[in-house]
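Just below is one structure, and these are the notes that go with it.
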Amino acid sequence: DKTVTLALKRMARAKGTRQRQARPITEIEVAAILATTGDRLIDLRDIALLLTARDLLGRRSEVVALEVAHITFNEDGSATALIERSKTDQEGEGADRWLSSRTVKAIVRWLMASGVESGPLFRAMRKGGRVRGRMNPEDVSRRFKAMAKRANIDATEVSGHSCRVGMAQDLASSGAELPALMTAGRWKSPTMPARYTERLSADRGAVAKYYEQRG
């Protein structure tokens, strides 16, 4: 309806259309979290969850959907994880993505300590440490916030997307171009990865280079 369309346009002009971005969990935040997280069973799960989400640039729904059988361990200590279905893969073609040896070690520690051998990789837990069924996607945000607070990181904007944003920024900082970022994060459009890394792009932009050359 034309009246609704005009009202939405007025709202956009008044409020703006820019979405708030989750606080990134980059390698710097990871180091702080690893240094302040204990070795309780829930801690082992949370560290494995965090590192897996970063390596996969995983959406929270993708990470909690992982099964033990989706992880294929390599001889060099790394692994691959099968993401069976995602927001941009509704037909379930699936995508294999790489996991670092650091992440694999964290996953193995969690599996050995929890006794999980099959089924959902990341499990919900009762207060007494009892392992239950598959984690809910909403739990991912809460656990990331809890780890951030323990590491004295402002957790106000930390969310289930924080690892995805943080890894995208780390990859861009290391020289990854936009097409490579889109492949890593399974984006069909360049809009979101470009937004996630726009501050880095600004630091490397024409104005930044101008002042850098001036010394």
Discussion item. Going residue by residue through region 132-146, is there one that turns out to be of a type in the set (Ser, Thr, Tyr) and open to solvent by 30 Å² or more (accessible area, probe 1.4 Å)?
Written reply: no
Worksheet entry | Members of region 160-194 that are modelled with pLDDT under 85 and of a type in the set (Lys, Arg) | Arg186, Lys188
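In the list Gly94, Gly77, Gly58, which residue meets the criterion of being on the phi > 0 side of the Ramachandran plot and either crowded, with 17+ Cβ neighbours inside 10 Å or in contact (Cβ under 8 Å) with a residue 24 or more places away in the chain (or both)? Quick ask: steps written out before the conclusion?
Working: Gly94 fails: either crowded, with 17+ Cβ neighbours inside 10 Å or in contact (Cβ under 8 Å) with a residue 24 or more places away in the chain (or both); Gly58 fails: on the phi > 0 side of the Ramachandran plot.
Testing whether each residue is on the phi > 0 side of the Ramachandran plot and either crowded, with 17+ Cβ neighbours inside 10 Å or in contact (Cβ under 8 Å) with a residue 24 or more places away in the chain (or both) leaves just Gly77.
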Discussion item. Against the condition outside any helix (DSSP H, G or I), surrounded by 15 or more Cβ atoms within 10 Å (Cβ to Cβ) and either in contact with a Cys (Cβ under 7 Å, 6 or more places away or on another chain) or modelled with pLDDT under 95 (or both), how does Gly38 come out, does it pass?
Written reply: no
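The values are calculated or read from the model by the stated rules, or taken from the named source; none is laboratory data. From a predicted model like this one, the values you see are computed outputs, not experimental measurements. For neighbour counting, all protein chains shown are included, and Cβ atoms are generated from backbone atoms with ideal geometry for every residue, glycine included. All accessible areas refer to the heavy atoms of the entire protein, side chains included, with ligands and DNA or RNA removed. Shrake-Rupley method; radii C 1.70, N 1.55, O 1.52, S 1.80 Å.
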